[in-house]
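Report on one structure; see the data block that follows.
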Amino acid sequence: MKMIIMAGGSGTRLWPLSRTNYPKQFLKLSGMDKSIFQTTIERCLLMGRMEDLYLVTSRDYLHLVQGQIEEMGKSLPLERILLEPEPKNTLPAILCAVQAIRASGDDVCAVFASDHVIEQPQILADTIIKACPLAAKGFVTFGIKPAGPETGYGYIKPGEAVEGGYIVSQFKEKPDLETAKAYIKDGYLWNSGMFMFHSAQFDEAVKKYNPEVYEAFQAPTLEERFGKTPSISVDYGLIEKMDCVYCAPLDMEWNDIGNFVTFYDKYHTKQDTNGNVYFNDEIMLDSSNNLIYSEGDKAIAMIGLSDVVVVDQKDALLVCHRSETPRVRDVVSILKEREDPRADFHLTEYRPWGSFTILEDDADYKVKRLTVLPGKRLSYQMHYYRNEHWIIVSGTAAVVIDGEEQLVRSGESIYVQAGQKHRLYNPGKLLLEVIEVQNGEYFGEDDIVRFEDDYSRCD
């Protein structure tokens, strides 16, 4: 069995936690030592090997994917990390993976989203493995036994029972509350968005039910395929058009963290007696059913409020009623229209060598904290418009300036002038932490001219 993980979503409904350049699947939420993406890989390894894994993600996330896999002590060849030139929804993304799989031989495939939170992964693994014979006969979707009426999910109406599951009678769109209650009463299941099928069967089904996508993917390059294909989900473009689809039921806790209402539901075990969900030492007076998520150390108090979401980041603050959380994506759209970088970037940004956090950003200077992983080095580069002063906070840095290398130890510093070629390297076994003070005329990340780069970046 081959496993396909979809890891290309931008997660705009969880702004400001999730940003375009660091979306929700890569977040390590408060109290978690692994990202949602990493736990997805761990679940897949209950069903197969890393050699059976294919990832579909955005080109912008390549180094995030590689870094988080490396952090797990694993590796995945580049030919099995499939990079979307542009987002075109799930049908083209899955077809991209299926084509790669078929190049090495047909097999049963299971498709998973990278942003699902599953509390009982062994139940999922056992169900997936048991469904392989059913997937050899036709398409299989997985329905979650509902914990209650939910308006944020699609539903599946089970029909005739077959060995290993049911034939799907109907797929239902996201309902209103009263309809959701009726669905629960009538035995409907939540549509999990997880699928199984045989790779050859998938290819033939796309050809039959969505020839426009199929024809686009006959183009010679990935850029042409994605450029020509329409943007369409696998549900609308394929599954719901098929004459016979099977459903295997899953009885387990499941959450797709699609917005702050489902985020609230995921952390229901951290509620106080009034239904408030929070993560630090917030003070709640005469308040109920609120969500407060803060990663800072400021004192936060809430008085006389109910059903409110507060998400506090160093550079952004969201306050909204729980019923209005679907409109968070509208905020992101407005920020993008204003060309506000806070729609896309956190103050902390991740690179293949580690990360940097912006501490101060002024017209005349910028201050960053760089964290360089053991054995990693930044590109050999030059800036036109800024000088850089590096103060080593912990660890020992190997610094190259215009071809000459020297060691700079904790408590020491070094100055790099505009126009000098330079590189920072961590030769040790511990994290290297550096305070970088920039001064000059311009501090944008596009003022980087790379001469050598371990990660094949061209800008």
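The values are calculated or read from the model by the stated rules, or taken from the named source; none is laboratory data. In this text the structure is predicted, and so the values were computed from the model without any measurement. Cβ coordinates were reconstructed from backbone atoms using ideal geometry, including for glycine residues, and neighbour counts include every protein chain displayed. Protein only, heavy atoms only, side chains kept; ligands, DNA and RNA dropped before computing areas. Shrake-Rupley method; radii C 1.70, N 1.55, O 1.52, S 1.80 Å.
The table that follows gives values for the structure above.
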quantity: Matching residues in region 1-35 - criterion: being part of a helix (DSSP H, G or I) and either open to solvent by 40 Å² or more (accessible area, probe 1.4 Å) or not polar (S, T, N, Q) (or both); calculated: R13, L14, K24, F26
quantity: Region 193-243, residues that are aliphatic (A, V, I, L, M) and either free of Cβ contacts under 8 Å to residues at least 12 places away in the same chain or assigned to a strand (DSSP E or B) (or both); calculated: M194, M196, A219
quantity: Residue match in region 85-94 (condition: of a type in the set (S, T, Y) and open to solvent by 50 Å² or more (accessible area, probe 1.4 Å)); calculated: no
quantity: Region 289-316, residues that are open to solvent by 30 Å² or more (accessible area, probe 1.4 Å), within 24 Å of G152 (Cβ to Cβ) and assigned to a strand (DSSP E or B); calculated: S306
quantity: Residue among S114, S104 that alone is over 18 Å from the mean Cα position of the chain (by Cα) and of a type in the set (S, T, Y); calculated: S104
quantity: Residues located in region 317-345, provided they are of a type outside the set (A, V, I, L, M, F, W, C), under 27 Å from Y153 (Cα atoms) and within 21 Å of the chain's Cα centre (by Cα); calculated: T325, P326, R327, R329, D330, S333, D344
quantity: Region 38-53, residues that are of a type in the set (A, V, I, L, M, F, W, C), assigned to a helix (DSSP H, G or I) and touching a Lys or Arg at 6+ places or on another chain (Cβ under 9 Å); calculated: I41, M50
quantity: Residues of region 405-459 classified as in contact (Cβ under 8 Å) with a residue 40 or more places away in the chain, under 19 Å from G354 (Cβ atoms), outside any loop (DSSP other than H, G, I, E, B) and open to solvent by less than 80 Å² (accessible area, probe 1.4 Å), total; calculated: 12
quantity: So S379, is it of a type in the set (S, T, Y), under 30 Å from L78 (Cβ atoms) and within 34 Å of the chain's Cα centre (by Cα); calculated: yes
quantity: Region 274-288 - residue that is more than 15 Å from V261 (Cβ to Cβ) and not polar (S, T, N, Q) and, of those, least open to solvent (accessible area, probe 1.4 Å); calculated: E282
quantity: Qualifying residue in region 327-343 (condition: open to solvent by less than 80 Å² (accessible area, probe 1.4 Å), assigned to a loop (DSSP other than H, G, I, E, B), in contact with a helix residue (DSSP H, G or I) (Cβ under 6 Å, 6 or more places away or on another chain) and more than 30 Å from R377 (Cβ to Cβ)); calculated: no
quantity: Selection from region 385-404 of residues that are surrounded by fewer than 18 Cβ atoms within 10 Å (Cβ to Cβ), aromatic (F, W, Y) and at pLDDT 95 or above; calculated: none
quantity: Selection from region 345-369 of residues that are part of a loop (DSSP other than H, G, I, E, B) and surrounded by fewer than 18 Cβ atoms within 10 Å (Cβ to Cβ); calculated: F345, L347, D362, A363, D364
quantity: Hits in region 317-326 - residues which are open to solvent by less than 30 Å² (accessible area, probe 1.4 Å) and modelled with pLDDT under 90; calculated: T325
quantity: Residue check, V168 of a type outside the set (F, W, Y), at negative phi, touching a residue at least 40 places away in the same chain (Cβ under 8 Å) and surrounded by 18 or more Cβ atoms within 10 Å (Cβ to Cβ); calculated: yes
quantity: Criterion: outside any loop (DSSP other than H, G, I, E, B), out of contact with any strand residue (DSSP E or B) (no Cβ under 8 Å at 6 or more places or on another chain), touching a residue at least 40 places away in the same chain (Cβ under 8 Å) and closer than 23 Å to T40 by Cα - qualifying residue of I101, I129; calculated: I129
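Okay, residues lined up against (1) open to solvent by less than 50 Å² (accessible area, probe 1.4 Å); (2) within 27 Å of E163 (Cα to Cα); (3) among the aromatic types (F, W, Y); (4) at pLDDT below 90:
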residue	(1), (2), (3), (4)
N191	yes, yes, no, no
E204	no, yes, no, no
Q218	no, no, no, no
S231	no, no, no, no
V234	yes, yes, no, no
E240	no, yes, no, yes
